[in-house]
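Heads up: the structure comes next, in structure tokens.
The values are calculated or read from the model by the stated rules, or taken from the named source; none is laboratory data. A quick note: this is a predicted structure, and the numbers were derived from the prediction, not measured. The area values use the complete protein model at the heavy-atom level, side chains included, leaving out ligands, DNA and RNA. Shrake-Rupley method; radii C 1.70, N 1.55, O 1.52, S 1.80 Å.
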Amino acid sequence: MADAEGEFVEYVSARLPSLHRTAFLMCGDAHLADDVVQQTITALYVNWRRVSRVDNVDAYVHRMLVHKLVDEKRRSWAKVRLFGSVPEPTRVPVTPHDEVAERDSLVTALAHLPRGQRTVLVLRFLCDLSLVETAAAMGCSEGNVKSQTARALAAVRQVLDLTEMSGRSAR
């Protein structure tokens, strides 16, 4: 039992920053990302003996993360609101883990995408999963991943062009 717990702690310690970054980029909300990662790690702990024996633990955990995010989005309508009115949307928070100079524009562009397209881009290009691994993590066909990727990239290019153009006109 101690060996399994040690392996679990070692795995989670090594992957935690990456899991937080992935969850944040998929949902665009740092607090929701924290919740989803915590739920994923809890489920991983409960099933660690089985999960640790699979061929690709990282792919399995990414799939768990996607499923927890989808579950959270499905449940969100039933949550209790503790404030009188819905606050105005603010800028998407930036995590301290990002060291990319254009992270603000990238996060903004990702925030404009539907959940499926955002998830495809995060898994394919930021988590560096293959087409097959992304399809498996999302529970869809490879053709769906290809079409979602093409649409998402076109939308991101458009948002980034608009942001760049508005930045130039403000000067």
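With a 1.4 Å probe and all protein chains in place, put Val54, Val156 in order of accessible area, largest first.
Val54, Val156
Which length gain, in nm to one decimal place, applies between Leu153 and His112 when the Cα-Cα distance is subtracted from 0.36 nm times their residue separation?
13.6 nm
Going by a ≥ b ≥ c, the root eigenvalues of the Cα gyration tensor, does the range 103-162 fall in the rounded group (a/c under 1.5), the prolate group (a/b larger than b/c) or the oblate group?
Taking the square roots of the gyration eigenvalues as a ≥ b ≥ c, the range 103-162 is prolate.
Mind listing the phi-derived Karplus ³J(HN,Hα) values for the range 25-36, rounded to whole Hz, using 6.51, -1.76 and 1.60 with θ = phi - 60°, and x for any glycine or proline?
5, 6, 10, x, 9, 4, 5, 5, 4, 4, 4, 5
Alpha carbons only, please: Rg and Dmax for the range 1-74, in angstrom.
12.1, 37
Take Asp128, Asp29 and sort them by solvent-accessible surface of the protein heavy atoms, 1.4 Å probe, largest at the top.
Asp128, Asp29
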